[in-house]
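Notes follow the structure.
The values are calculated or read from the model by the stated rules, or taken from the named source; none is laboratory data. None of these values were measured; they are calculated from a predicted model. All Cβ positions, glycine included, derive from the backbone under ideal geometry; neighbour counts span all protein chains shown.
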Amino acid sequence: MVCPFCGYDDSKVIDSRPYEGKIRRRRECIKCGKRFTTFESIEIPELLVNKKDNTFERFNRAKLIQSMSIAVKKRPVSLSDINRIVDSIENYCMTNMLSQITTSQIGDMVLSYLKELDKVAYVRFASVYKDFSDVESFLDIISELRGSDDTDSSSH
């Protein structure tokens, strides 16, 4: 860290502590001995979503929450449940250092969480995400759910 007083490029850290989501560091210049404060924060890389038409847009947390809210309307799923799912998706992207993700990947992740949380919300979200165009599509996904329920109950 460059000293703001003499311009020397080395300093020692005297004290570090958390401060409003950042790290506050008191430093002392090795050359002139003057003290100064720096703040360190995590730089979160921008996450781009590759849409079906091959355009890109910034990941929009609010947009994902809104689409999930429609699927869970009048279901026993709370806003905190939705936020937890979106947090998990964002954490997955950060942990895996992704700078891009496809709408398909996001949709598949949402479906896997909703499948565990609420089957009706799962079907609702799937109908929009997978662009159901006929009754047969609904019947297919419902029979798939019934099949997984039978498997789940037989393992208990």
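Kindly provide the set of residues from segment 20-79 that are among the aromatic types (Phe, Trp, Tyr) and under 30 Å from MET1 (Cα atoms), ordered by number.
PHE36, PHE39
Within the bounds of segment 118-134, is there any residue that is surrounded by 11 or more Cβ atoms within 10 Å (Cβ to Cβ), assigned to a loop (DSSP other than H, G, I, E, B), basic (Lys, Arg) and modelled with pLDDT under 95?
yes
Among the residues of segment 74-96, is there at least one that is polar (S, T, N, Q) and touching a strand residue (DSSP E or B) at 6+ places or on another chain (Cβ under 7 Å)?
No: zero hits.
Can you find a residue in segment 10-19 that is out of contact with any Lys or Arg (no Cβ under 8 Å at 6 or more places or on another chain), of a type outside the set (Gly, Ala, Ser) and loosely packed, with under 12 Cβ neighbours inside 10 Å?
no
Of (1) at positive phi; (2) part of a helix (DSSP H, G or I), LYS115 satisfies all except one. Which?
(1)
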